[in-house]
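The values are calculated or read from the model by the stated rules, or taken from the named source; none is laboratory data. Quick caveat, the model's predicted, so the values are computed rather than measured. Virtual Cβ from ideal backbone geometry, glycine too; neighbours counted across all protein chains shown. When the accessible area is computed, the model is the full protein with side chains, heavy atoms only, and any ligands, DNA or RNA have been set aside. Shrake-Rupley method; radii C 1.70, N 1.55, O 1.52, S 1.80 Å.
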Amino acid sequence: MAENEKAALRREMVDICRRMNSSGINQGTAGNLSARTADGFLITPSSMPYETMTPDDLVEMDFDGTYVGRLPSSEWRFHRDILRTRTDIDVVLHCHSIYATTLACHHKTIPSFHYMTGIAGGATIRCAEYATFGTQALSDNALAALEGRLACLLGQHGQISLGTTLESALWLAIEVETLSRIYVQALTLGEPPILPDDEMERVIEQMRRMSYGLAPDADGINDIARPREPVRG
């Protein structure tokens, strides 16, 4: 990665961090963000408010745990391990959003009570077992909960969302928080009905096709929106 590209990445990371706070999914010095580089990753520093953080404050880390600059976030282990293990993604976003954390405090997995649960890549958004923050045990638990998924809750802690870009990771974190809020409110009426696995497979396939710019009707059984032919003559 060229230096000008890395500088642009640093600026975008600071912008995303501030948008985490302005969107309401994060507050104070909680939460952290990392992004893959050609030879390692950039990560937010420890205990620095986002409103005062500058691009130069972001910490360069290698996958062996060495770093240059400020002290990295206390959660650098799960950022490193996720980026090293999940070659399909380039960004790890962690926050303590209110409703996702509410569910995490009860160790609740988000089931397929709503079809949008499929945005995380499966029929559920799992909740990882609790472990002390900043430990290898927490990283191991997060990796297990993220298997085949793009998001998870962390028991009595918060949430993690992954993405191929900074924008997509932020979008997913906001969606997970929205789903969590709906689920908490739905639970006030009792356990909501759950969509079956075969329906969630259809939903996830629809989402996959749409992400590639294809029509959502994989089976050709519904009308398809199509451009109108120009009137001739």
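Some points to look at:
- Extreme residue, farthest from the chain's Cα centre (by Cα), among residues of segment 155-173 that are of a type outside the set (D, E, K, R) and open to solvent by 10 Å² or more (accessible area, probe 1.4 Å): GLN156
- Filter result (among the polar types (S, T, N, Q) and surrounded by 17 or more Cβ atoms within 10 Å (Cβ to Cβ)) within segment 24-53: ASN26, ASN32, SER34, THR37, THR44
- Residues satisfying the stated conditions in segment 117-173, i.e. aromatic (Phe, Trp, Tyr), within 17 Å of ASN26 (Cβ to Cβ) and assigned to a loop (DSSP other than H, G, I, E, B): PHE133
- Of the residues making up segment 134-160, those that are in contact with a His (Cβ under 9 Å, 6 or more places away or on another chain) and within 14 Å of ILE110 (Cα to Cα) are LEU153, LEU154, GLY155, GLY158, GLN159, ILE160.
Here is a yes/no grid of residues against (1) polar (S, T, N, Q); (2) more than 20 Å from ALA7 (Cα to Cα):
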{"residue": "ASN26", "(1), (2)": "yes, yes"}
{"residue": "ALA30", "(1), (2)": "no, yes"}
{"residue": "ASP39", "(1), (2)": "no, no"}
{"residue": "THR44", "(1), (2)": "yes, no"}
{"residue": "TYR50", "(1), (2)": "no, no"}
{"residue": "PRO55", "(1), (2)": "no, no"}
{"residue": "MET61", "(1), (2)": "no, no"}
{"residue": "ASP64", "(1), (2)": "no, yes"}
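- Looking only at segment 117-142, and only at residues there that are touching a helix residue (DSSP H, G or I) at 6+ places or on another chain (Cβ under 6 Å) and open to solvent by 30 Å² or more (accessible area, probe 1.4 Å), the one that is nearest to GLN159 (Cα to Cα): ARG126
- Scope segment 197-230; condition at pLDDT 95 or above and either more than 25 Å from the chain's Cα centre (by Cα) or loosely packed, with under 10 Cβ neighbours inside 10 Å (or both); matching residues: ASP198
- For segment 29-36, the criterion of being closer than 20 Å to TRP171 by Cβ and not in a strand (DSSP E or B) is met by at least one residue.
A quick yes/no check of all residues on (1) closer than 16 Å to ARG18 by Cα; (2) without any contact (Cβ under 8 Å) to a residue 12 or more places away in the chain; (3) in contact with a helix residue (DSSP H, G or I) (Cβ under 7 Å, 6 or more places away or on another chain):
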position	(1), (2), (3)
PHE41	no, no, yes
VAL59	no, no, no
ASP64	no, yes, no
LEU71	no, no, no
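- Hey, ASN21 open to solvent by less than 10 Å² (accessible area, probe 1.4 Å) and within 18 Å of the chain's Cα centre (by Cα) or not: no
- Matching residues in segment 54-101 - criterion: being outside any loop (DSSP other than H, G, I, E, B) and open to solvent by 60 Å² or more (accessible area, probe 1.4 Å): ASP56, GLU60, TYR67, VAL68, ARG77, ARG84, THR85, ILE98, TYR99
- Meets criteria (among the β-branched types (Val, Ile, Thr), touching a residue at least 12 places away in the same chain (Cβ under 8 Å) and farther than 21 Å from LEU195 by Cβ) for THR117: no
- GLU60 being at pLDDT 95 or above and touching a Lys or Arg at 6+ places or on another chain (Cβ under 9 Å): yes
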